[in-house]
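The values are calculated or read from the model by the stated rules, or taken from the named source; none is laboratory data. Just so we're clear, the structure is a prediction, and the values are computed from it rather than from any experiment. FYI the Cβ positions are ideal-geometry reconstructions off the backbone, even for glycines, and counts take in every protein chain you see. We work out accessible area using only protein heavy atoms, side chains counted, and drop any ligands, DNA or RNA first. Shrake-Rupley method; radii C 1.70, N 1.55, O 1.52, S 1.80 Å.
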Amino acid sequence: MLAGGLSLGAGLAAPPVRAEASGAKPEILTLVVNGDRVRLEVDVRASLLDTLRDRLRLTGTKKGCDQGACGACTVLLDGRRVLSCLTLAVMHEGSEVTTVEGLAEGDRLHPVQRAFVDHDGFQCGFCTSGQIMSAVGLLAERPRVTAAEIPELMSGNLCRCAAYSNIRDAIEAAAHLSREGE
Amino acid sequence: MDTFEYKRPGTVREALRLIATHPDAEIIAGGTDLVTLLRDRVRTPARLVDINGLPLDGLRWSRDGVRIGALCRNAVDDPRLAAAYPVLVRALRSGASPQIRNRATFGGNLLQGVRCPYFRLPEFACGRREPGTGCAAIEGDGRLLGIFGTSAACIAVHPSDCAVALLALDATVVVEGARGTRRIPVGDLHRLPGDTPHVEHALRDGELVVAVEVPASPFAARSTYVKFRERASYAFALASAAVAVHSERGVVRDARVCLGGVAPKPWRAHTAESALRGRRLDAAAIEAAAEAATAGAAPRPDNAYKVELVRGVVRRALTELLVK
Ligand SMILES: Cc1cc2nc3c(=O)[nH]c(=O)nc-3n(C[C@H](O)[C@H](O)[C@H](O)COP(=O)(O)OP(=O)(O)OC[C@H]3O[C@@H](n4cnc5c(N)ncnc54)[C@H](O)[C@@H]3O)c2cc1C
Ligand code: SF4
Ligand code: FES
Ligand code: FES
């Protein structure tokens, strides 16, 4: 079970004196992360990304740029794909967060994960958890997505290794599979 | 990042009180811009007011048009909106990325900070960020910066695509404050820098954007948005055009030609609109409008290419309307 309890987001400096003056103190936050309810104290400044990685030790979600430019930190927030580096954890009391660690059921990979393996949708793998989470979000938004639409609708996820054509093929295959399953 | 007090009001009234009672309060909506500004210490509020608990989302249709809540997300996917205001939905879809659009709100999009690289790096002088400190861009790299409406104090461009479309649609921003509700035409929301670049918009202290109203208009349905950028997607505009045309018996009665990525605010090209009025919308009229759209351009050597981009983007956008 994931349980926080420390007072500050790891990696953050202790709040300056001004914090005391303005009455800032850690906030108690409840999140449902990959189906588990977790309660933790967070620094109001902590991003959702740092909270997942440093506090909950869910390091599958990657930090590529920390400024919204790469998509490596994509997670599902209440079912929708978002960038976890561009939001503060404290803003999401009671929300459900799904990270790449939450996709597989035991040893059974999620169909999108399976498709990335089958179609060689990565090289170094750094962008992959973000790509997969974004693809899961895309298929929820648009189950009938066509191959031609995929590049634009996945344009929020950059891949330094340029595995783009295999990523597109993987998502097309996963879309096909999930439609057959209907 | 300096710390701050975090507040999440449940009503507009409570939100207004929280903003009004603290001189250093800042609103956060989607957070897709403000979180980076906080992290980079461009903004250092002492109180952060999270407005996501307010009932300000959704679209409300009436005979007069549509009212879009300030918290409505940029990913808005509504067939009626796409049919009534194609220029708006195209502008939204051309902005940022799907993940960002899922969080970004209408209010935040309109009030997002400029993307001038010096504005975002506190080690550089920037009078928009800190009044009276000068402008690193004037002597620096201005390739991505403005050719219209700039001043000796600031040459930044407003980055919003959505705002350019809203200008072409004669939209109004609905604002609430301690003294009640006001309506600001979207073209008056952003300020030209003049010698006070830090006065970025027309909101008074303590005011909150609650909605955007887009009127029903004869030209809204025949409208489009074209955006030129450095790559096919996920990039800010180098130059963009929101155009709308209303013709009767083949003759243009009224038109809107608005430009993005080239001025400190969404830029209305009145001369291009005049060039179209009273004419048939054909290749010659489009050429005249494209040329007229560059009237008043004052480029620098490093961004003179934007003048040609303006011609090209207006031509491309109006040409798309020929088949509509
Ligand atoms: C990588 C990247 C690429 C992008 N590309 C584009 C692009 O191509 N085109 C484009 O248009 N945009 C682009 N954006 C910008 C994006 O659209 C904005 O960040 C977003 O629209 C801001 O909305 P938000 O709700 O997240 O605002 P926030 O970050 O929450 O707030 C932004 C500002 O608005 C103020 N504010 C928010 N809501 C209100 C309100 N209701 N009343 C008063 N003040 C308010 C806040 O105080 C803050 O100053 C990009 C962003 C990133 C990170
Ligand atoms: S152009 Fe404007 S935003 Fe950029 S450094 Fe100069 S004053 Fe600042
Ligand atoms: S780490 Fe969030 S977009 Fe790059
Ligand atoms: S696989 Fe290396 S960055 Fe995408």
Cα Rg over Rh - segment A:111-180, Kirkwood: 0.91
As computed over segment B:1-122, the Cα convex hull volume per residue (Å³): 121 Å³
Per-selection Rg to Rh, the protein assembly as shown - Cα, Kirkwood hydrodynamic radius: 0.97
Average beta carbon contacts from partner chains per residue of A:149-158, 10 Å cutoff: 4
Hydrodynamic radius (Kirkwood) for segment A:65-182, which is based on Cα pairs only, to one decimal in Å: 14.4 Å
Most fluctuating residue given options B:His158, B:His198, B:His22, as computed from a GNM of chain B linking Cα atoms under 10 Å: B:His22
Within chain B, helix-based [θ] at 222 nm, where runs of 4 or more DSSP H residues each add -39,500 (n - 2.57), nearest 500: -7000 deg cm²/dmol
Amide H partners (placed H, <5 Å) of B:Glu5, local residues excluded: B:Arg47, B:Leu48
Fluctuation leader among B:Thr21, B:Thr44, B:Thr133 - chain B, Gaussian network, Cα springs under 10 angstrom: B:Thr21
Protection proxy ranking, peptides A:108-116, B:227-235, average beta carbon neighbours within 10 Å, highest first: A:108-116, B:227-235
Whole-number percent relative contact order across segment A:26-102, with pairs defined as alpha carbons under 8 Å at least 6 apart: 39 percent
Descending semi-axes in whole angstrom, ellipsoid equivalent of segment B:5-53, from the Cα gyration tensor: 19, 13, 6
By average C-beta atoms within 10 angstrom, highest first, the peptides A:54-63, B:180-189: A:54-63, B:180-189
Kirkwood Rh in Å, taken over all unlike Cα pairs in segment A:26-102: 12.1 Å
Cα-based Kirkwood hydrodynamic radius, chain B, one decimal, Å: 20.1 Å
Buried area at the A-B interface (accessible, heavy atoms, 1.4 Å probe, summed, Å²): 2800 Å²
Segment A:154-166 - phi-based ³J(HN,Hα) in whole Hz, Karplus 6.51/-1.76/1.60, Gly and Pro as x: 10, 5, x, 10, 8, 10, 5, 8, 6, 7, 4, 5, 6
For B:Arg73, residues with placed amide H under 5 Å, excluding near neighbours: B:Gly58
Listed pairs B:Lys265/B:Lys306; B:Lys227/B:Lys306; A:Lys62/B:Lys7 exceeding 20 Å between Cα atoms: A:Lys62/B:Lys7
Viscosity 1.567 mPa s, 4 °C: Kirkwood-radius Stokes-Einstein D of segment B:55-150 over Cα pairs, µm²/s: 81 µm²/s
Highest to lowest packing among B:259-265, B:24-30, scored as the average C-beta count within 10 Å: B:259-265, B:24-30
Rounded accessible area per residue of chain B, 1.4 Å, Å²: 40 Å²
Carbon + sulfur, % of accessible area of segment B:97-220 - ligands and nucleic acids excluded, 1.4 Å: 51 percent
Structure-based [θ]222 nm, chain A - -39500 (n - 2.57) summed over DSSP H runs of at least 4, per residue, nearest 500: -7500 deg cm²/dmol
Inter-chain shielding of A:76-86 (mean C-beta neighbours from other protein chains, 10 Å cut-off): 5
GNM top mover of A:Glu141, A:Glu105, A:Glu93 - chain A, alpha-carbon springs below 10 Å: A:Glu105
